[in-house]
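K.L.:
What follows is a structure written as structure tokens; I'll ask about it next.
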Amino acid sequence: DAMVIQNPRYQVTQFGKPVTLSCSQTLNHNVMYWYQQKSSQAPKLLFHYYDKDFNNEADTPDNFQSRRPNTSFCFLDIRSPGLGDAAMYLCATSREGQGYEQYFGPGTRLTVT
Amino acid sequence: EDQVTQSPEALRLQEGESSSLNCSYTVSGLRGLFWYRQDPGKGPEFLFTLYSAGEEKEKERLKATLTKKESFLHITAPKPEDSATYLCAVQQGGKLIFGQGTELSVKP
């Protein structure tokens with residue numbers, strides 16, 4: 001089945017220690033998104049790639065960066081995680097011209113100690 | 001400013017007790033309204049897309065409707081497995097603007 005895969009599902013990191021979360025997709029969608037979701041809150045868009053074109057949200061902290069080496073993979077790098085960065089990180093994909101329906105992965109739960 | 005508001009924040013139903021969830025929106029030029037289901041600790045699962053006022057879509061016990069200002073998610077004879085958070089979002093410039101969600105709990 002075509003899907004969005006996120007690894008790892010659970011990640012524990014130390015305060016200030018860089019961490020990378022990964023996302024892959026078999027849907028062949030050209031748009032990929034990263035969201036941050038904290039408890040009982042709506043997903044908050046961090047950035048998205050439209051093909052190779054990177055689009056950062058204005059309020060995304062500089063601490064968060066992303067890479068998309070090819071159509072299938074996208075990475076979220078948190079350079080110096082703080083306690084406030086503990087959250088669920090969601091990857092999603094969509095295809096231009098198909099109503100931008102977004103399909104989400106299962107998420108990575110990040111804990112910062 | 002584009003905005004999506006969902007109500008109620010939480011809803012408790014008995015099994016078989018039908019009800020509706022509301023999603024009101026203010027957006028210039030709606031290009032799609034989306035409903036998602038999210039179970040605890042999981043990513044949102046796509047349910048429906050609605051594009052124009054008067055449109056309706058159904059899936060099992062769920063029916064989504066759309067007017068010019070709001071959308072409703074009707075749940076008919078819910079079962080405990082329908083318990084989840086239901087998120088509404090509108091599409092704007094290729095991005096989704098989410099509401100805060102309605103947490104639905106269905107008791108047997």
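K.L.:
Criterion first (surrounded by 16 or more Cβ atoms within 10 Å (Cβ to Cβ) and in contact with a Ser or Thr (Cβ under 6 Å, 6 or more places away or on another chain)) does B:LEU13 satisfy it? It would help to see each step written out before you state the result.
P.N.:
On the way: surrounded by 16 or more Cβ atoms within 10 Å (Cβ to Cβ): yes; in contact with a Ser or Thr (Cβ under 6 Å, 6 or more places away or on another chain): yes.
It is true that B:LEU13 is surrounded by 16 or more Cβ atoms within 10 Å (Cβ to Cβ) and in contact with a Ser or Thr (Cβ under 6 Å, 6 or more places away or on another chain).
K.L.:
Name every residue in region B:61-86 that is under 10 Å from the mean Cα position of the chain (by Cα), within 14 Å of chain A (Cβ to nearest Cβ) and either open to solvent by 10 Å² or more (accessible area, probe 1.4 Å) or over 14 Å from B:GLY32 (Cα atoms) (or both), in order of residue number.
P.N.:
Listed by number, the residues that qualify are B:THR85, B:TYR86.
K.L.:
With the structure loaded, tell me whether A:THR111 is within 22 Å of A:GLN41 (Cβ to Cβ) and open to solvent by 20 Å² or more (accessible area, probe 1.4 Å) or whether it fails that test.
P.N.:
Working: within 22 Å of A:GLN41 (Cβ to Cβ): yes; open to solvent by 20 Å² or more (accessible area, probe 1.4 Å): yes.
Judged against the criteria, A:THR111 is a match.
K.L.:
Let me ask you something else. Among the listed residues A:CYS23, A:CYS91, A:CYS74, which satisfies the condition of being away from every other protein chain (no Cβ under 12 Å), closer than 20 Å to B:GLY94 by Cβ, surrounded by 21 or more Cβ atoms within 10 Å (Cβ to Cβ) and touching a Cys at 6+ places or on another chain (Cβ under 9 Å)? Spell out how you get there, then give the answer.
P.N.:
Values: A:CYS23 fails: away from every other protein chain (no Cβ under 12 Å); A:CYS91 fails: away from every other protein chain (no Cβ under 12 Å).
Answer to the selection: A:CYS74.
K.L.:
Which pairs turn up if I take residues in region B:73-95 that are among the acidic types (Asp, Glu) and look for partners that are modelled with pLDDT of 95 or more and open to solvent by less than 10 Å² (accessible area, probe 1.4 Å) with beta carbon separation below 9 Å, at least 6 apart in sequence or on another chain?
P.N.:
Matching pairs, first to second residue: B:GLU81/B:VAL106; B:ASP82/B:LEU13; B:ASP82/B:ILE75; B:ASP82/B:LEU104; B:ASP82/B:VAL106.
K.L.:
For region A:43-52, indicate whether the set of residues that are more than 21 Å from B:TYR36 (Cα to Cα) and surrounded by 19 or more Cβ atoms within 10 Å (Cβ to Cβ) is non-empty. First the steps, then the outcome.
P.N.:
The first filter runs over region A:43-52 and keeps only residues more than 21 Å from B:TYR36 (Cα to Cα), leaving A:49-52.
Checking the rest, the ones that are also surrounded by 19 or more Cβ atoms within 10 Å (Cβ to Cβ) come to A:49.
For region A:43-52, residues more than 21 Å from B:TYR36 (Cα to Cα) and surrounded by 19 or more Cβ atoms within 10 Å (Cβ to Cβ): present.
K.L.:
Does region B:1-10 hold any residues that are open to solvent by 40 Å² or more (accessible area, probe 1.4 Å) and in contact (Cβ under 8 Å) with a residue 40 or more places away in the chain, and which are they?
P.N.:
In the first step, residues of region B:1-10 are kept if they are open to solvent by 40 Å² or more (accessible area, probe 1.4 Å); the result is B:1-3, B:5, B:7-10.
Those that are open to solvent by 40 Å² or more (accessible area, probe 1.4 Å) and in contact (Cβ under 8 Å) with a residue 40 or more places away in the chain: B:ASP2, B:GLN3, B:THR5, B:SER7, B:PRO8, B:GLU9, B:ALA10.
K.L.:
Same structure again: Scan region B:46-57 residue by residue and report those that are open to solvent by less than 30 Å² (accessible area, probe 1.4 Å) and polar (S, T, N, Q).
P.N.:
Residue satisfying the conditions is B:THR49 alone.
K.L.:
To continue, here is another question. If you take the residues of region B:24-45 that are touching a strand residue (DSSP E or B) at 6+ places or on another chain (Cβ under 7 Å) and open to solvent by 50 Å² or more (accessible area, probe 1.4 Å), which of them is farthest from the other protein chains (Cβ to nearest Cβ)?
P.N.:
B:THR26
K.L.:
Residues in region A:77-92: is at least one more than 12 Å from the chain's Cα centre (by Cα), at pLDDT below 95 and of a type in the set (Lys, Arg)?
P.N.:
Taking region A:77-92 and keeping what is more than 12 Å from the chain's Cα centre (by Cα), we get A:79-86.
With the extra rule that they be at pLDDT below 95, the set shrinks to none.
Looking through region A:77-92, none of the residues is more than 12 Å from the chain's Cα centre (by Cα), at pLDDT below 95 and of a type in the set (Lys, Arg).
K.L.:
Can you tell me which residue within region A:94-107, out of those that are more than 7 Å from chain B (Cβ to nearest Cβ) and closer than 18 Å to B:GLY43 by Cβ, is nearest to the chain's Cα centre (by Cα)? So that I can check it myself, show each step before the final result.
P.N.:
Step one: of region A:94-107, the residues more than 7 Å from chain B (Cβ to nearest Cβ) are A:94-98.
Narrowing further to those that are closer than 18 Å to B:GLY43 by Cβ: A:94-95.
Numbers: A:SER94: 13, A:ARG95: 17 Å.
Filtering first and then ranking leaves A:SER94.
K.L.:
For the condition farther than 28 Å from A:VAL4 by Cα and among the hydrophobic types (A, V, I, L, M, F, W, C), what is the one hit in B:LEU11, B:LEU50?
P.N.:
Numbers: B:LEU50 fails: farther than 28 Å from A:VAL4 by Cα.
Residue meeting the stated conditions: B:LEU11.
K.L.:
Go through the residues of region A:2-13 one by one and say whether even a single one is in contact (Cβ under 8 Å) with a residue 12 or more places away in the chain, within 30 Å of B:ARG31 (Cα to Cα), surrounded by 18 or more Cβ atoms within 10 Å (Cβ to Cβ) and within 14 Å of chain B (Cβ to nearest Cβ). Even if it seems obvious, please write down each step before you answer.
P.N.:
At the first step, the residues of region A:2-13 found to be in contact (Cβ under 8 Å) with a residue 12 or more places away in the chain are A:2-13.
Now restrict to residues that are within 30 Å of B:ARG31 (Cα to Cα): A:2-6.
Retained after the next criterion (residues that are surrounded by 18 or more Cβ atoms within 10 Å (Cβ to Cβ)): A:4, A:6.
Filter again for within 14 Å of chain B (Cβ to nearest Cβ), leaving A:4, A:6.
Yes, because at least one residue in region A:2-13 is in contact (Cβ under 8 Å) with a residue 12 or more places away in the chain, within 30 Å of B:ARG31 (Cα to Cα), surrounded by 18 or more Cβ atoms within 10 Å (Cβ to Cβ) and within 14 Å of chain B (Cβ to nearest Cβ).
The values are calculated or read from the model by the stated rules, or taken from the named source; none is laboratory data. Please read these numbers as outputs of a predicted model, since none were measured by experiment. Cβ atoms come from the backbone with ideal geometry, glycine included; neighbour counts cover every protein chain shown. The protein model used for the area step is the full one, side chains on, heavy atoms only, and it has no ligands, DNA or RNA in it. Shrake-Rupley method; radii C 1.70, N 1.55, O 1.52, S 1.80 Å.
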